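Student: One structure is given below, represented as structure tokens, and several questions about it will come after.
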Amino acid sequence: MSGEVKEEAMDAASEEKTAVCRVCMHRCRLQEGQRGACRARINLDGVIRPENYGRLTALNLDPIEKKPLKRFRPGSMILSLGSYGCSLRCPFCQNHDIAQSDGTGLPVHEFTPAEITEIAKRAIPDGNIGVAYTYNEMLVSYEFVRDTGRLVREAGMSNVLVTNGEASLQILDELLPFMDAMNIDLKGFTDEIYRRLGGDLDMVKSFIKTAASSCHVEITSLIVPGMNDSLEDMEREAGWIASVSPGIPLHITRYFPNYRMSEPPTDIGLMRKLKDIAQRELEYVYLGNV
């Protein structure tokens, strides 16, 4: 076989094992062994798999209010876990050490869904109500969330997802039967903001609307100076949330310098103005990190 024919055969074999990841807006087209933009999903033998399935970087018993959830089982504790990877590239990320990592150099411990469920059950005497999938963007390993969530629900406990909402409705449909509550980040209310972060505002809006029809939903907006601190944008955001349901709680959270951003913290006076605007449309508005 000539060199040219060999090369064509190799190209054909490589193309045969190329696969498209359909979890988020990136729709990464991956060759064999290649990771997606999230750094956690990988093409293995022509199938996209979560390389971080069950590989956890954090496992803690947290107050439910830390998710943050104000109107779901207040005063309770929840077993909170995280892995690594994220579909966005936020320059202000508070958990960038795991969210912007492919797992290399991190202290990673492997757990099965059954093991997590047993740990959650043993923590019930300490006030635990279930499992929260949080810290990094756990939708990049939605299969682990789904499989664990099923067992947690069967054990009579609750599941909470903390997410940026950047996933297709097909993925959400796989999770909703097991989810009791979500806190969904709404990074801003313009397409420009989401383009800067590598995301898709319309996908997040669809995710929120669908989730809110099936489980308890609260929304968090981190207010970053010069990016999403416009009073007009908050008026539009609150109006849209109210169109889904005025009873959806909104957490307006104060930014502090982190990761690649060194701008001063968000002005507290501005935070209060944003809250006042949001309260014209929404029943529950909370300030965070103030």
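Student: With respect to the cross-link table entries K187/K273; K17/K205; K17/K187; K121/K209; K66/K187; K66/K205, which display a Cα-Cα separation exceeding 25 Å?
Tutor: K17/K205; K17/K187; K121/K209
Student: Let me ask you something else. Tabulate in residue order the Karplus-calculated ³J(HN,Hα) for the stretch 120-125, using 6.51 cos²θ - 1.76 cosθ + 1.60 with θ = phi - 60°, rounded to whole Hz; enter x for Gly and Pro.
Tutor: So the J values, rounded to whole Hz, are 4, 5, 5, 8, 4, x.
Student: A further question on this structure: Using Cα atoms only, what is the angle between the long axis of helix 142-154 and the major principal axis of the chain, expressed in degrees (0 to 90) to the nearest 10?
Tutor: Roughly 60 degrees between the two axes.
Student: Over the chain, what is the mean sequence separation of C-alpha contacts under 8 Å (at least six apart), divided by residue count, expressed as relative contact order in percent?
Tutor: Computed over the chain, the figure is 14 percent.
Student: Tell me the angle of helix 268-279 to the major Cα principal axis of the chain, expressed in degrees between 0 and 90 and rounded to the nearest ten.
Tutor: Tilt of helix 268-279: around 90 degrees.
Student: Would you kindly derive the ³J(HN,Hα) couplings of the stretch 77-87 from the backbone phi angles with the Karplus curve 6.51 cos²θ - 1.76 cosθ + 1.60 (θ = phi - 60°), listing them in order in whole Hz, with x for Gly and Pro?
Tutor: Each residue's phi maps through the Karplus curve to give 10, 8, 5, 10, 10, x, 10, 8, x, 6, 7 Hz.
Student: Also, I was wondering about something else. Show me, bin by bin at 5 Å from 0, the whole-percent P(r) of the stretch 52-288 based on Cα pairs.
Tutor: All Cα pairs, binned at 5 Å, distribute as 1, 7, 14, 19, 20, 18, 12, 6, 3, 0 percent.
Student: OK, next. Would you please give the FRET efficiency between E154 and E192, computed as 1/(1 + (r/R0)^6) with r the Cβ-Cβ distance and R0 = 41 Å, to the nearest 0.05?
Tutor: For R0 = 41 Å, the calculated efficiency reads 0.40.
Student: How far apart, in nanometres, would the label points at R22 and K273 be if each is projected 7 angstrom from Cα along the Cα-to-Cβ direction?
Tutor: Inter-label distance under the simple model: 4.6 nm.
Student: Can you tell me the order of 131-140, 165-174 when each peptide is scored by its average per-residue count of other Cβ atoms within 10 angstrom, highest first?
Tutor: 131-140, 165-174
Student: Using 16 Å as the cut-off for backbone N distance, which residues of the stretch 203-238 belong to the label zone defined by a point 7 Å from the Cα of F256 along Cα→Cβ?
Tutor: 222-225
Student: In addition: Return, ordered by residue number, the residues of the stretch 199-223 whose backbone nitrogen is under 14 Å from a label point located 7 Å along Cα→Cβ of W240.
Tutor: Zone members listed by number: 199-210, 219-222.
Student: Let me ask something else. Note the angle between two axes, namely the Cα long axis of helix 201-212 and the longest principal axis of the Cα atoms of the chain, as a number of degrees from 0 to 90, rounded to the nearest 10.
Tutor: 70
Student: Continuing with the same structure: Give me a comma-separated list of calculated 3J(HN,Hα) values for the stretch 54-63, in order, Karplus coefficients 6.51, -1.76, 1.60 applied at θ = phi - 60°, integers in Hz, x for any Gly or Pro.
Tutor: Rounded to whole hertz, the list is x, 9, 9, 9, 8, 8, 9, 9, 10, x.
Throughout, read-outs are computed from the coordinates displayed, never taken from laboratory work. None of these values were measured; they are calculated from a predicted model. Glycine also receives a Cβ, built like all others from the backbone with ideal geometry; neighbour counts cover every protein chain displayed.
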